[in-house]
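Colleague: Below you'll find the structure I mean.
Read-outs: derived from the displayed coordinates by stated rules, not from any lab. Computed from a predicted structure; not experimentally measured. Neighbour counts are summed over all protein chains in view; Cβ atoms, including those assigned to glycine, are modelled from backbone coordinates with ideal geometry.
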Amino acid sequence: AMVDSLSAAPTTTILAVPVGGEVKDVQAVHEAAVMTRRQEIIKERRSRLTENKTYKLGIDTNALSGQVDEKAMQEAEERAQDAAYDELRLNVDKHLMYVDQQRDAFLRAHQADINEYRLTQQKYEDR
């Protein structure tokens, strides 16, 4: 049994089969059909490779332009996300500055209250 690379089933030799009144070797007919098919495949491939409209040095421009568009969209999304994070950071900074101002104002007022208490309630003579 011999296995052909294009057909999955092994071929066996049957000596003679009448075809149209003639006696032909089935294996020879099969091998001729396989060779004809291989030649057709090679011819089709050559025509695809040499035709400039369908084959441009192996570059698929549609796929590449799709990848470029996809990357541009991804970069735009990243820029938008970065802008949102920047805005959030600025808002947090403003809030922290406000909290620091409030804390400083409270500490100044508290220190002023302590100093007033010392001046009015803790006189040197009362000790």
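Colleague: Tally Lys and Arg at +1 and Asp and Glu at -1 over the other residues with C-beta under 12 Å from the C-beta of GLU75: what net charge comes out?
Modeller: -3
Colleague: Considering amide H positions built from the backbone, and no H for Pro or chain starts, which residues 5 or more places from ASP25, or on another chain, come under 5 Å of its amide H?
Modeller: none
Colleague: I've got another one for you. With θ set to phi - 60° and the Karplus curve 6.51 cos²θ - 1.76 cosθ + 1.60, what are the ³J(HN,Hα) couplings of segment 102-115 in order, to the nearest whole Hz, using x for Gly and Pro?
Modeller: Here the 3J(HN,Hα) series is 5, 5, 4, 4, 5, 5, 5, 5, 5, 5, 5, 4, 5, 4 Hz.
Colleague: Take peptides 92-105, 30-43, 113-126 and line them up by average Cβ neighbours within 10 Å, highest first, as a rough protection proxy.
Modeller: Ranking, from highest mean packing down: 30-43, 92-105, 113-126.
Colleague: Okay, moving on. Need the C-alpha centroid separation for segment 111-127 versus segment 69-91, integer Å.
Modeller: Centre-to-centre distance over Cα atoms comes out at 58 Å.
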